[in-house]
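What follows is a single structure, written as structure tokens, with notes after it.
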Number of protein chains: 2
Amino acid sequence: MYIILVYDIGEKRVGKMLKLCRKYLSWIQNSVFEGEITEVKLKELKMKALMLMKEESDSLIIFKSRNERWLDKEIVGKERGETGNFL
Amino acid sequence: MYIILVYDIGEKRVGKMLKLCRKYLSWIQNSVFEGEITEVKLKELKMKALMLMKEESDSLIIFKSRNERWLDKEIVGKERGETGNFL
């Protein structure tokens, strides 16, 4: 499964969240990650994220696609992340 | 076409970018938008965004899917945006 993960999290917790997400996914921009992940690993990641998050203020959105080819990625401007193709 | 748009942009230009993106898409989190859009409207949005952006520092990523059903969205924690289904 290919996912895009975006978080919006309090400044104090950003460092830990970044570190956590980097273990499972590729960082592509600011608070945006992408990558192939299994259901099991995703569950693990979500559980660890929830432990970091303040549920009343922090937010995490995960877009899941069964196949990466169903999604086209286009980057306009500066490319930030570790992976990705410049179009 | 269904798209997810994420920007990472200098603070001075954030307000204008937010306003621009809201004209075309639904805001779902911080600097993340989603919605159905035509090729023509997307081109228009990209051109307007590029006029706002500093290309050496700002970045815009667009994920395109021909069909929204190919993407599952899951929100963990607080839901921020205008639309979206809580899973």
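The values are calculated or read from the model by the stated rules, or taken from the named source; none is laboratory data. For clarity, every value in this text was computed on a predicted model and none was experimentally measured. Quick reminder, even Gly has a Cβ in these numbers, built from the backbone with ideal geometry, and neighbours come from all protein chains shown. What goes into the accessible areas is simple: the full protein's heavy atoms, side chains included, and nothing from ligands, DNA or RNA. Shrake-Rupley method; radii C 1.70, N 1.55, O 1.52, S 1.80 Å.
Per-structure values
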read-out	value
Partners for A:LYS46 among aspartates and glutamates (Cα-Cα distance below 17 Å; same-chain residues under 8 apart left out)	A:ASP8, A:GLU34, A:GLU36, A:GLU55, A:GLU56, A:ASP58, B:ASP72, B:GLU74, B:GLU79
Computed [θ] at 222 nm, helices only, for chain A once each DSSP H run of length n ≥ 4 contributes -39500 (n - 2.57)	-10500 deg cm²/dmol
Solvent-accessible area per residue, Å², over chain B with all protein chains present [probe radius 1.4 Å]	55
P(r) of the protein assembly as shown over all Cα-Cα pairs, binned every 10 Å from zero, in whole percent	10, 40, 39, 11, 0
Average other protein chain Cβ within 10 Å of Cβ, residues A:8-15	1
For B:ARG69, label point 7 Å along C-beta direction: distances to other copies, nm	2.0
Estimated vicinal HN-Hα couplings, Hz - the range A:61-78 in sequence order (Karplus 6.51, -1.76, 1.60; Gly, Pro = x)	10, 10, 9, 10, 10, 5, 9, 4, 5, 7, 10, 9, 10, 10, 10, 10, x, 6
Entries in A:LYS78/B:LYS16; B:LYS12/B:LYS78; B:LYS19/B:LYS54; A:LYS43/A:LYS64; B:LYS16/B:LYS48 that, when Cα-Cα distance is taken, lie over 21 Å	B:LYS12/B:LYS78
Chain A: translational diffusion in µm²/s, Stokes-Einstein, Kirkwood Rh over Cα pairs, 37 °C, 0.692 mPa s	243
